Amino acid sequence: MTQTPRAIVLGLSAMLGAGVFAGFAPAAALAGWWFVPALLLSAAAALCSAFSTADQSRALPETTGYGFIRNQLGPWSARLGASGYLLGRFAMAAAIATMFGAYVLPESPATAAVLLITGTVLLTATGFRWTPALSWAAAIFVVVVLALVVVSCFSIAPPQAVTTTGNTRELVGVGALLFAAFLGFERITVDSGLSERTLRIAIPVTIGGALAVYLAVGVGVHRQLGTDRLALSPAPLRDALAAADAAALIPLVQAAAAVAAVSTLYFVLSGTRRTMTAMVEHGDLPRPLGRAPRAVDVLAGAAMIVAALLMPLGLALGVAACASLFYYAFTNASARILLQDERTWPMRTACLGLGLSVLLAMSVPVPALLTTLAGLAVGTALFGLPAVVRRPRTTLRAT
């Protein structure tokens, strides 16, 4: 049981990032206050996907999610899944970096975004490790600051002019968008060394805890800003504090946003490196990358910077959610065919996760869906090229 608090803290330190600091703005723009109940859909999809990834890691501890899909569903399914995973992580990194810029350097957010990604890549390239002690410190600091924001939002009555409109037609679409807020659950379900008993408790508690934080912060900032102001805010927590006459706390929120950005981006980059390394080993990425491990980090960092410069926050979150949901559709599909003694949770959770992943992925805003589909097509084709090039040619002999 001593591992359980550690696992929960590790998960929260990888989850509390762009979603809680900036994700409520594009969500409110789509559905108004209905983004609050939409979080329940996001959490349900994340919970089922976390169960499936944990079962995969237990069944084949020596491989990654990409490798498991390849073993269970074949190479082309794995390439499509890997395209979704990598595109989702690149877009998530862009959302984190954009959030960081909006809070820390609002005068030049693009510059701040590039500096954050570059600095994190350099840290990982030099062998820096995000220790459990750092995770504890980051998670506690961020949660305490978020609690101060919530208290401030509920301590002062909002202006009478606050609007609270909603659009039920976008409920599922917003649930898909906010799925990106839960993507850090792989911090404890993949390659964490946690026991089955610990994961039985840690996974639902971590996702439930993150959901509680998102609900409290989301309701608080919506109460202070209303639908219209929240939808237009690049930094909702900062603007909510200003509206609640608590501007003295803004530097603290900026510091928490910076800590959350570095913490979550580090784990996004770690997962990206793990998947790309596995793809090199299986020949879906050029094998020379395997002889230069730091090149994988540089390549991933370059893709993240391009995404941060090209995608506004709402589009980045939408692509991160949509692409990741496609990846988890393959993850849940492959987890369905595990043997009974290889699974910790019932097969029904994988079936439900598969259905929710497809439903939510197809419900994201159209620009994010089209961008994701284009990225999946291009990525799958590129990852299949090495296999096509290696395929032996047959010659026809005249008879």
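Taking each residue of the range 348-367 that is under 13 Å from A46 (Cα atoms) and in a helix (DSSP H, G or I) and looking for partners that are open to solvent by 70 Å² or more (accessible area, probe 1.4 Å) and of a type in the set (S, T, N, Q) with beta-carbon atoms closer than 6 Å, six or more apart or interchain, yields nothing. Considering only the range 153-184, how many residues are crowded, with 21+ Cβ neighbours inside 10 Å and either closer than 18 Å to R229 by Cβ or of a type in the set (G, A, S) (or both)? Residues that pass the stated criteria total 8. Out of all the residues in the range 1-42, which are open to solvent by 10 Å² or more (accessible area, probe 1.4 Å) and under 20 Å from N332 (Cα atoms)? Scanning the range 1-42 gives L40, L41.
Within the range 363-372, is even one residue at pLDDT 95 or above and closer than 23 Å to G74 by Cβ? Yes, there is a match, as at least one residue in the range 363-372 is at pLDDT 95 or above and closer than 23 Å to G74 by Cβ. For the residues A377, A398, A387, the requirement of being at pLDDT below 90, part of a helix (DSSP H, G or I), surrounded by fewer than 22 Cβ atoms within 10 Å (Cβ to Cβ) and of a type outside the set (S, T, N, Q) singles out A387.
For the range 125-151, which residues satisfy the criterion of being among the β-branched types (V, I, T), assigned to a helix (DSSP H, G or I) and open to solvent by 70 Å² or more (accessible area, probe 1.4 Å)? Once the filter is applied, which keeps residues that are among the β-branched types (V, I, T), assigned to a helix (DSSP H, G or I) and open to solvent by 70 Å² or more (accessible area, probe 1.4 Å), the range 125-151 yields I140, V144, V151. Which residue pairs have Cβ atoms under 6 Å apart, sit 6 or more places apart or on different chains, and have a first residue in the range 104-123 that is closer than 16 Å to P312 by Cα and a second that is surrounded by fewer than 18 Cβ atoms within 10 Å (Cβ to Cβ) and not β-branched (V, I, T)? Short answer, once both residue conditions are applied: A112/L105.
When the range 85-107 is limited to residues that are of a type in the set (S, T, Y) and within 20 Å of R238 (Cβ to Cβ), the one that is most open to solvent (accessible area, probe 1.4 Å) turns out to be T98. Selection of the range 292-305 for residues being free of Cβ contacts under 8 Å to residues at least 40 places away in the same chain and part of a helix (DSSP H, G or I) yields P293, A295, V296, L299, A302. In the set T198, T275, only one residue is within 22 Å of the chain's Cα centre (by Cα), of a type in the set (S, T, N, Q) and within 30 Å of A54 (Cβ to Cβ); that residue is T275.
Evaluation of D284 against the conditions (1) modelled with pLDDT of 90 or more; (2) open to solvent by less than 50 Å² (accessible area, probe 1.4 Å) shows that the sole unmet condition is (1). Within this structure, A112 fails the test of being in a helix (DSSP H, G or I), within 26 Å of R6 (Cα to Cα) and small (G, A, S). Scanning the range 18-67 for residues that are more than 26 Å from S83 (Cβ to Cβ) and in contact with a Ser or Thr (Cβ under 8 Å, 6 or more places away or on another chain) turns up A25, A28, A31, G32, W33, W34.
The values are calculated or read from the model by the stated rules, or taken from the named source; none is laboratory data. What you see is a predicted model; the values in this text were computed from it and never measured. No Cβ is skipped: glycine too gets one built from the backbone with ideal geometry, and neighbour counts run over all protein chains shown. The area values use the complete protein model at the heavy-atom level, side chains included, leaving out ligands, DNA and RNA. Shrake-Rupley method; radii C 1.70, N 1.55, O 1.52, S 1.80 Å.
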